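Have a look at the structure below before the remarks.
The values are calculated or read from the model by the stated rules, or taken from the named source; none is laboratory data. Small disclaimer: the values here were computed from a predicted structure and weren't measured. Please note: Cβ atoms are built from the backbone with ideal geometry, for glycine as well, and neighbour counts cover all protein chains shown.
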Amino acid sequence: MCNPRRVTVTATRDIAEAWRREVSRTVELAERVVGEARLRQALSAKLGKPALRALEARLAAGADGWREVVEGYRCDVEGGYVVYRLDEQVLEIVATLDASVAAQGVAETVLEGKVKDTFHAEAERTYYTDAYAASNESRAREAAERDIQRQLEAVTRQRLEEAQQQAEAAAAVGLQAQAESAARRQLAGIAAQRQAALARQAETHLETIGLRCRQAFNQLLAQAYRDAILAYARRHGAADISCRDEEGVLEVEFFVDR
């Protein structure tokens, strides 16, 4: 076997290839919507000032189940809540229903471009002058040329892919914003329709929720009445004051000597 020899082949390729890619972005958004039905009841015309003062004092002191809110004081019940509006001295009963809604927005575009570049490649193959292993210079050169062809094709594909990825990355922010905007528009419409439907449903539950809210308020009001009566008795020097609260029945007894 003779010493191996090498054949080296070099090549240069100028490319100018156009490309086209369709890209899209999808955004999904979700939120919870609440439908409400309300009923208002003025208390100033039904409760005397002493009872209202006692009621508000008990709320300010931290009545069980009630918490301070911007409007006044609120108590949550199953399916809704009741608010005592301090400035208006109004009781507001609210029935609520909530649900989750979702929407999807899609943005699509077509990106186009052209890659113009010059690539260089080199390949080397070994052969033997005595044709060992069926190898000679001609076959080695052909094999090297095939290697070069594969290199040039691979680098061309890579360059085209890089160009497309760069273009897609540059367009991604805008596409994402378009898809999100479309999703928000869809969600707003869906949410408005669902909220209106929930409000109609809540209207049918308002009577039941009202019973729960009035029960919570009446418990508070009973305590306020007790406070008002006891305050009256003390102011007037009452004797033998007794107060009993059994099974929801409040009894206050005292004696005032006129």
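Hey, does region 103-119 have a residue that's among the aromatic types (Phe, Trp, Tyr), part of a strand (DSSP E or B) and surrounded by 19 or more Cβ atoms within 10 Å (Cβ to Cβ)? Working first, answer last.
The initial filter retains those residues of region 103-119 that are among the aromatic types (Phe, Trp, Tyr), namely 119.
In the following step, the residues that additionally are part of a strand (DSSP E or B) were identified as 119.
Filter again for surrounded by 19 or more Cβ atoms within 10 Å (Cβ to Cβ), leaving none.
No, region 103-119 has no match at all.
Report yes if ARG146 is modelled with pLDDT of 85 or more, of a type in the set (Lys, Arg) and surrounded by 16 or more Cβ atoms within 10 Å (Cβ to Cβ), otherwise no. Taking the combined requirement at face value, the residue does not satisfy it.
Would you pick out the residues in region 30-70 that are in a strand (DSSP E or B), surrounded by 16 or more Cβ atoms within 10 Å (Cβ to Cβ) and aliphatic (A, V, I, L, M)?
Listed by number, the residues that qualify are VAL33, ALA37, LEU39.
Has region 186-199 got any residue that is farther than 30 Å from ARG38 by Cβ and surrounded by 13 or more Cβ atoms within 10 Å (Cβ to Cβ)?
Filtering region 186-199 for residues farther than 30 Å from ARG38 by Cβ gives none.
No, there is no match, as no residue in region 186-199 is farther than 30 Å from ARG38 by Cβ and surrounded by 13 or more Cβ atoms within 10 Å (Cβ to Cβ).
For region 150-194, the set of residues classified as charged (D, E, K, R) and either at pLDDT 90 or above or more than 24 Å from GLU28 (Cα to Cα) (or both) consists of ARG150, GLU153, ARG157, ARG159, GLU161, GLU162, GLU180, ARG184, ARG185, ARG194, listed by residue number.
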